[in-house]
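The values are calculated or read from the model by the stated rules, or taken from the named source; none is laboratory data. Here the structure is a predicted model, which means the values were calculated and not measured. Here the Cβ positions follow ideal geometry from the backbone for every residue, glycine too, while neighbour counts run over all protein chains shown.
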Amino acid sequence: MLPTLTAAAGVDDDVNDLVGIQNKWYFENQRFHFYPFSAPRALKQQIDDMKISKLSTTWTVFYLEGVGAVDMCESRGYGLPFGVSPTNNQYPKQVDNGHDANETLAMGQPDTDGLYKDLVVSSQTDVVCLRNGKYHVEQVEEYAHVYSDPVELVQNPANGFYYVHHLNTDTSDNGVIDVDAINAESDAKGAPTDDFPDQ
């Protein structure tokens, strides 16, 4: 039977032993699979490529909760969430429980784009909007939805609310990202030539 992990004051060594036993049990009986290639990982890479380097002109629509679309602008990139920073705003805190030699301290890691997220969750986004032929940075308190294809806001005469109309496809839904159009790099460790085999 697998031992139960319990924690109590002054039993750090016992807890560490139990964790070791659990890890050994799982390793011997139920190892995690390793996937040299996975479709979710490929999609993550494609999304990063698109957001960071493959696309410059976007269209950002601003939404108020409970109201819907209220404004939009032609934009550059996907905007930056509130509080992102080029430097790490987290640091390891001093922990002293008598086992300093065995302690590991975790720090926040950067995203793929090299920026660090703030721990504060906010709907505010910094968007670079093109208005009157010039780019301006706008701090948007509303929710921002970014499109990679040209869109416009169209008012519904029946209720006065706005909806998003896609100009290139003449549709009013969000559509599906065409992964073949993103030009993801192939995986050097033996990924299939198709991004999503057997799909």
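Okay, here's what the table says:
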{"read-out": "Residues that are within 23 Å of K134 (Cα to Cα) and out of contact with any Lys or Arg (no Cβ under 7 Å at 6 or more places or on another chain), drawn from the range 26-56", "value": "K51, I52, S53, K54, L55"}
{"read-out": "Top-ranked residue in the range 10-69 [being β-branched (V, I, T) and closer than 30 Å to E152 by Cβ; ranked as farthest from the chain's Cα centre (by Cα)]", "value": "V67"}
{"read-out": "Exclusive hit being at pLDDT below 90 and under 23 Å from the mean Cα position of the chain (by Cα), set D149, D126", "value": "D149"}
{"read-out": "Within the range 1-37, tally of residues that are part of a loop (DSSP other than H, G, I, E, B) and either at pLDDT 90 or above or not hydroxyl-bearing (S, T, Y) (or both)", "value": "16"}
{"read-out": "Output for the range 53-66, where each listed residue is without any contact (Cβ under 8 Å) to a residue 24 or more places away in the chain and either out of contact with any Leu (no Cβ under 9 Å at 6 or more places or on another chain) or not in a strand (DSSP E or B) (or both)", "value": "S53, S56, G66"}
{"read-out": "Unmet criterion (only one of (1) surrounded by 11 or more Cβ atoms within 10 Å (Cβ to Cβ); (2) of a type outside the set (S, T, Y); (3) in contact (Cβ under 8 Å) with a residue 24 or more places away in the chain; (4) closer than 23 Å to Y63 by Cα) for H136", "value": "(3)"}
{"read-out": "Candidates K134, K117 - the one that is among the charged types (D, E, K, R), on the phi < 0 side of the Ramachandran plot and modelled with pLDDT of 85 or more", "value": "K134"}
{"read-out": "Residue match in the range 45-52 (condition: outside any loop (DSSP other than H, G, I, E, B), modelled with pLDDT of 90 or more and closer than 29 Å to Y162 by Cβ)", "value": "no"}
{"read-out": "Only one of P92, P40, P110 that is surrounded by fewer than 16 Cβ atoms within 10 Å (Cβ to Cβ) and at pLDDT 90 or above", "value": "P40"}
